Amino acid sequence: MKVDFIGDIHGHAVELASLLIKLGYNNNKGYFSHPEGRKVVFVGDYIDRGLQIRETLEIVKGMCDNKTADAVMGNHEYNAILFHAKNKKNGGYYRKHGFTEINQHIETLKQFQHHQEELKMYLEWFKNLPLFIETENYRVVHAYWNKKHIEFLRNNPIHWNDEWLDRLTDENSDEYVVVEEILKGKEHELADGHHFYDADNVKRDKCRVKWWHYCTGDIMNDEYLFNCPSSLKGTVFKGFVDELPDDKPIFFGHYWLKEDNPTLNSKSNAKCLDYSVAKNGHLVAYSLDTEKLEIQKSLS
Ligand SMILES: [Mn+2]
C-alpha cells in the first residue's frame, strides 16, 4: 500500500488539487479519494499566506471526514486557535493581536470576514487535529520529532480549556516548551556573543537547528544551524544533537526549504516536505510504499 504525504499548503488550493490529481486521486464523490484506496497524510499549515484558504480547508477537511486523509496540526492552526481564544482573566486573547500576529494571519481573517460561522467551525476542527501521528510504518509531525516531547503528549493530551490555555502560553511551563518545539522547531542558544541579523535586521542570539540532519560524528555549525553566524562557519557544532530513530521514516514540513536543499535523497530518514509553495516554490508529496519502504517525490 502507498501512503501520500503532502507538505505545507498555506491556502494554495489549486496546487493542492493538481497535486492530488497527479497522484491519482479524483473528486468524483464530492471529496478527493483514490481508486486504489490510498490515503494522504497532511503535515499541517493549511491556512494563512495564500488566496484560497477556505478552498484548501474544504479539501483537507473533506478528505479527513471521509477517511481518505489524516492531518496533523501546524503552527498556523495552533496560532489561530490561540488568536481567537478569549482570555477571560485579562480581557484579551491567548495570542496577542499585535502587528506581527495580525500580519501573519491577515489572509485568513480577510477570506473569512463574511464567513464567521464557518471560521468558528474550522477553529473547532483544528482543536481535534493531532500534534503527531505514529503508525507501524511512519511518523508525522509539523516541525520537530522529539521522543521526550511526544511521550509527554501521549501522557498529557491537550484539552482546550482555560487551564490548558494558561499553561500553553506560559513560557515557563513544560506544556509551552513541548508544543512550541513540536510545532515551530528547536532553537540553539549561541554562546560567547555569537549572533546574526534576521530578515528584519533584528539581532538574534538563537538559531533554529536542522535536527533531521544525518550525522555519525562531528557536525559543522554551518550544516546544523539555520542562519549560522559567519563567526561560527567551519567550526564544529558543540550543542546537543538529536539521535534520529532509524526504524521508520519521519515526515514533517515547516522549514521553507528550496529545491536546491532536498531532504528526500539524504541518508537521514527524517524527510521535510515543505518546499515553499507560498514563496513561489513547490507543493511537494512523498509517496511511501509501505511494502518496499521506498519513497518517491511529486511536485504540483
Ligand atoms: Mn509551519
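In table form, for the structure just shown:
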{"item": "Two-site label geometry, residue 101 and residue 292: point separation in nm, points 7 Å out along Cα→Cβ", "result": "4.9 nm"}
{"item": "Directionally averaged shadow of the range 187-241, computed from the convex hull of its alpha-carbon atoms, nm²", "result": "3.7 nm²"}
{"item": "R0 of 35 Å, Cβ-Cβ distance residue 51-residue 258: FRET efficiency to nearest 0.05", "result": "0.95"}
{"item": "Set of lysines near residue 248 by C-alpha distance (under 21 Å), chain-local residues within fewer than 8 positions excluded", "result": "2, 39, 147, 148, 210, 267, 271, 292, 297"}
{"item": "Residue exposure sequence - 292, 110 - by fewest surrounding Cβ within 10 Å", "result": "292, 110"}
{"item": "Difference of contour (0.36 nm per residue) and Cα-Cα distance, residue 191 to residue 171", "result": "5.1 nm"}
{"item": "Rounded if a/c under 1.5, otherwise prolate or oblate - the chain, Cα gyration tensor axes", "result": "oblate"}
{"item": "Computed over the range 112-244, the ratio Rg/Rh where both radii use C-alpha atoms and Rh is Kirkwood", "result": "1.04"}
{"item": "Extension reserve of the residue 162-residue 243 stretch, reckoned as 0.36 nm per residue once the Cα distance is removed", "result": "25.6 nm"}
{"item": "For the chain, calculated [θ]222 nm from helices alone, where every DSSP H run of n ≥ 4 adds -39500 (n - 2.57)", "result": "-8500 deg cm²/dmol"}
{"item": "Neighbourhood charge, 13 Å Cβ-Cβ cut-off, centred on residue 234 and excluding it, Lys, Arg +1 and Asp, Glu -1", "result": "-2"}
{"item": "Residues residue 34 and residue 136, FRET efficiency given R0 of 25 Å [Cβ-Cβ distance, rounded to 0.05]", "result": "0.75"}
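Where a number appears in this text, it was derived from the coordinates with a stated rule and is not lab data. Bear in mind the structure is a predicted one, so any value in this text is a computation, not a measurement. All Cβ positions, glycine included, derive from the backbone under ideal geometry; neighbour counts span all protein chains shown.
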